[in-house]
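**Student:** Structure below; questions to follow.
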Amino acid sequence: MEKIIKQFLSEVNKKNQNEPEFMQAVTEVAETVIPYIVTKDIYYGQNILLRMVEPERVVSFRVAWIDDNEEIQVNRGFRIEMNSAIGPYKGGLRFHPSVNMSILKFLAFEQVFKNALTTLPMGGGKGGSDFDPKGKSDTEVMRFCQSFMTELFRHIGPNKDIPAGDIGVGGREIGYLFGQYKRLKNEFSGVLTGKGVSWGGSLIRPEATGYGVVYFIDEMLKNNGDGLKNKSVVISGSGNVAQYATEKCVDMGAKVLTLSDSSGYIYDGDGINKEKLEYIMELKNDKRERISEYVKKYSKAEFHSDKKPWSVKCDIAIPCATENELNVTDAKELLKNGCKTIGEGANMPCTSDAIKLIIKNKIQYAPGKASNAGGVAVSGLEMAQNSLKYTWSREVVDGKLKEIMSDIHSSCLKYGADKDYINYVKGANIAGFVKVADAMLAQGVV
Ligand code: NDP
């Protein structure tokens, strides 16, 4: 088996040199899915995984725009249309200086499996730019978004490819992108998700990824006869996913001890309650300040500059910042301190070595493609509401989100439950693969 996997990976690697994040995501899938494929006659010999790792289409384009000093800036824009076997391409846009082909291809590949797990008819894609919205004025962000959409609009559409937000792309950016699309196409359509509620957005979409990861962790705990009440939780990041994961943890009776950003982490031994979270939301979303400001208002809390929160003792860890933010040293710290459950809010936040160690120690571990699927699931519900030209209430959307997270958990159990351990990585990868592979087989070699 090892030889078959190695051979497959070496073939993929040859075509994707210098794309370490993409290869990391493909390796994780290959290691769990190939042993399954070889036992199933319908998949074996069809080169399905080899087809899946090849994007259906990749678009790369120049984004020129003028800054507030009237200087011309040039960024690079991308859209990876990875797989449309079960529905139109769907996946976020990321604006961050680290964005490159490798990162977007890993995200697009993960998205294919994640979207399949939601049970909604969505293919996988991802896009973005190396543009950094941090430190830019609103008008600079608007000019950039308009220039970006002036090319992207040719490649997307409500039945073709429906982007959403991701790191650096929140409600403000989605608004500017949508405005430019509408102007260029002269049509009001559900071409983006994460829209404002008064112009086609869904209630609960901003909350969905954070709430969803906590619902998923709750399912894992319940499966072990446990629950979130009184658990101590360490969260990284302080953006969209981290904020709403914190809110849901607090709602469900857990104590959140940390949040972070790229400058370091804050530790609040009393727990970050609703009032403190409101302050963080104001700090990060409205004022666009650093997380370190928190300790100026709450003096009992500590700020640890340039550090990650994984050395803090906790029952549950929820990484919600970015890829590869939790390495094997961090995993050792968490295990040493008694952490029993890890649920990924971010995409691929744990390194491969960290995951191997966590699984070896039989710690409950949910990969992002399962546990953070709530965001894209509610994006799917936003698309459904746009088609119906109707809006569901908060309760209805939240109820559907909970149900979807519970269904994803069941799919993971179906394919990932071994004798004395539930391997959620294996479960999520095989469940996602089966859905997409069956559709690809039915549609022929295209
Ligand atoms: P935001 O831009 O709202 O927040 C990102 C947070 O992560 C910020 O606190 C940011 O700090 C921190 N961060 C980013 N890069 C780094 C880094 N290199 N080192 C340390 N901290 C960093 O993004 P989201 O909350 O939307 O996304 C977070 C993660 O969740 C990403 O992996 C994303 O792909 C994933 N995700 C998001 C979904 C969504 O619906 N939004 C859906 C599914 C997954 P700073 O402010 O200093 O940059």
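**Student:** For the chain, set up a Gaussian network in which alpha carbons nearer than 10 Å are linked by springs, and say which option among H409, H96, H155 fluctuates the most.
**Tutor:** H155
**Student:** Considering only protein heavy atoms and a 1.4 Å probe, what is the carbon-and-sulfur percentage of the accessible area of the range 155-290? It would help to have the intermediate numbers written out before the result.
**Tutor:** On the way: 2310 of 5160 Å².
Carbon and sulfur: 45 percent of the exposed surface of the range 155-290.
**Student:** Please report the carbon-and-sulfur percent of the accessible area for the range 10-62; probe 1.4 Å, protein heavy atoms only, DNA, RNA and ligands left out. Spell out each step's value before the answer.
**Tutor:** Details: 1270 of 2950 Å².
Ligands and nucleic acids excluded, carbon and sulfur reach 43 percent.
**Student:** Using only C-alpha atoms and all pairs of different ones, pull out the Kirkwood radius for the chain in Å with one decimal. Mind showing how you got there, number by number?
**Tutor:** On the way: mean 1/r = 0.0454 Å⁻¹.
Every distinct Cα pair counted, the radius reaches 22.0 Å.
**Student:** What does the charge count around E21 come to, taking other residues whose C-beta lies under 9 Å from its C-beta (Lys +1, Arg +1, Asp -1, Glu -1)? Let's see the in-between values first.
**Tutor:** Details: positive: K105; negative: E19, E323.
Charge balance in the 9 Å sphere: -1.
**Student:** Cβ neighbours within 10 Å, averaged per peptide: list 292-303, 420-431, 135-146 in order, most packed at the top. Working shown, then result.
**Tutor:** Working: 292-303: 14.3, 420-431: 21.7, 135-146: 17.0.
Highest mean packing first, the order is 420-431, 135-146, 292-303.
**Student:** For the range 351-419 and the range 99-134, what is the centre-to-centre distance using only Cα atoms, to the nearest Å?
**Tutor:** Cα centres, the range 351-419 to the range 99-134: 16 Å.
**Student:** Determine which aspartates and glutamates satisfy two conditions relative to K136: a Cα distance under 15 Å, and not lying fewer than 8 residues away in the same chain.
**Tutor:** Candidates past the 8-residue exclusion: D67, D68, E70, E71, E173, D286, E289.
**Student:** Output needed for the range 122-250: three equivalent-ellipsoid semi-axes, defined as square roots of 5 times the C-alpha gyration tensor eigenvalues, in descending order, whole Å. Intermediate results must be reported in sequence, preceding the final value.
**Tutor:** Values: eigenvalues 218, 58, 30 Å².
Here the semi-axes work out to 33, 17, 12 Å.
**Student:** Can you list, bin by bin at 5 Å, the percent of alpha carbon pairs in the range 257-308, starting at 0?
**Tutor:** Answer for the range 257-308: a P(r) of 5, 22, 35, 28, 10, 0 percent.
**Student:** Give me the base-10 log of I(q)/I(0) for the range 201-243 at each q in 0.18, 0.23, 0.32 Å⁻¹, Debye formula, one uniform scatterer per Cα, rounded to two decimals.
**Tutor:** Debye intensities relative to I(0), on a log10 scale: -0.61, -0.86, -1.11.
**Student:** Helix-derived [θ] at 222 nm for the chain: sum -39500 (n - 2.57) over DSSP H runs of at least 4, divide by residue count, nearest 500? Mind dumping the intermediate values first?
**Tutor:** On the way: 16 runs with 207 residues, N = 446.
My calculation for the chain gives -14500 deg cm²/dmol from helical runs alone.
**Student:** With Cβ to Cβ distances under 15 Å as the rule, what net charge do the other residues near T118 carry (K, R +1; D, E -1)?
**Tutor:** Details: positive: K90, K114, R205, K369, K400, K402, K435; negative: E110, E219, E382, E403, D407.
Combined, the nearby Lys, Arg, Asp and Glu give +2.
**Student:** Run the dipole for the range 250-322 about the Cα centre, Lys and Arg Cβ at +1, Asp and Glu Cβ at -1, nothing else charged, and hand back the magnitude in debye, nearest 20.
**Tutor:** Numbers: 13 positive and 13 negative charges, 33 e Å.
For this selection, approximately 160 debye.
**Student:** What order, most packed first, do the peptides 245-251, 31-37 have when packing is the mean number of other Cβ atoms within 10 Å of each residue? Show your work: numbers first, answer last.
**Tutor:** On the way: 245-251: 22.7, 31-37: 19.4.
Result, highest mean Cβ count within 10 Å first: 245-251, 31-37.
**Student:** Calculate the FRET efficiency for V197 and I4 from the Cβ-Cβ distance with a Förster distance of 60 Å, rounded to the nearest 0.05. Don't skip to the end; give the middle numbers.
**Tutor:** On the way: r = 49 Å, r/R0 = 0.82.
The computed FRET efficiency comes out at 0.75.
**Student:** If you roll a 1.4 Å probe over the range 335-446 with all protein chains in place, what percent of the accessible area is carbon or sulfur?
**Tutor:** Numbers: 2510 of 4620 Å².
The computed percentage sits at 54.
**Student:** Can I ask one more? Can you tell me what share of the DSSP beta bridges in the chain is antiparallel? A percent to the nearest 5 is fine. Please list the in-between numbers first.
**Tutor:** On the way: 27 of 46 bridges.
Within the chain, antiparallel bridges account for around 60 percent of the total.
**Student:** A follow-up question, please. State the volume of the convex hull built on the alpha-carbon positions of the range 258-399, expressed per residue in Å³ and rounded to an integer. Kindly include the intermediate steps, with their values, before the conclusion.
**Tutor:** Numbers: hull volume 19.7 nm³, N = 142.
Convex hull of Cα atoms, per residue: 139 Å³.
**Student:** Around N230, what is the net charge, scoring Lys/Arg as +1 and Asp/Glu as -1 over all other residues with Cβ under 12 Å from its Cβ? Walk me through the intermediate numbers first.
**Tutor:** Values: positive: K229, K231, K255; negative: D226, D315.
Once all neighbours under 12 Å are counted, the net charge is +1.
**Student:** In addition: Might you report the magnitude of the Cβ-based charge dipole of the chain about its Cα centre, with Lys and Arg at +1 and Asp and Glu at -1, to the nearest 20 debye? All intermediate terms of the calculation are to be shown ahead of the outcome.
**Tutor:** Details: 58 positive and 56 negative charges, 112 e Å.
With only Lys, Arg, Asp and Glu charged at Cβ, the dipole is about 540 debye.
**Student:** Top mean-square fluctuation among P367, P163, P97, Gaussian network model of the chain, C-alpha springs under 10 Å?
**Tutor:** Among P367, P163, P97, the largest GNM mean-square fluctuation belongs to P97.
**Student:** Using only alpha carbon pairs under 8 Å that are at least six residues apart, calculate the relative contact order of the chain and give it in whole percent. Before the final figure, lay out the partial values.
**Tutor:** On the way: 896 pairs, mean separation 66.9, N = 446.
Once normalised by length, the contact order is 15 percent.
**Student:** What lysines could a cross-link reach from K14, if we take a straight Cα to Cα line under 24 Å and drop same-chain neighbours fewer than 8 places away?
**Tutor:** Cα-Cα hits under 24 Å: K3, K6, K105, K126.
**Student:** Could you state the accessible area per residue of the chain in Å², with a 1.4 Å probe and every protein chain left in place?
**Tutor:** Values: 18720 Å² over 446 residues.
Ligands and nucleic acids excluded, the result is 42 Å² per residue.
**Student:** Pick out which of G225, G171, G210 has the largest mean-square fluctuation in a Gaussian network model of the chain, springs linking Cα atoms closer than 10 Å.
**Tutor:** G225
**Student:** Per residue of the range 183-195, in order, report the coupling 6.51 cos²θ - 1.76 cosθ + 1.60 (Karplus, θ = phi - 60°) as ³J(HN,Hα) in whole Hz, putting x for Gly and Pro.
**Tutor:** 5, 5, 8, 6, 8, 9, 9, x, 7, 10, 10, x, 6
The values are calculated or read from the model by the stated rules, or taken from the named source; none is laboratory data. Here the structure is a predicted model, which is why all the values come from computation and not from measurement. In this analysis, Cβ positions are derived from the backbone assuming ideal geometry, glycine residues included, and neighbour counts consider all displayed protein chains. Accessible surface is based on the protein model in full, side chains and every heavy atom, while ligands, DNA and RNA are left aside. Shrake-Rupley method; radii C 1.70, N 1.55, O 1.52, S 1.80 Å.
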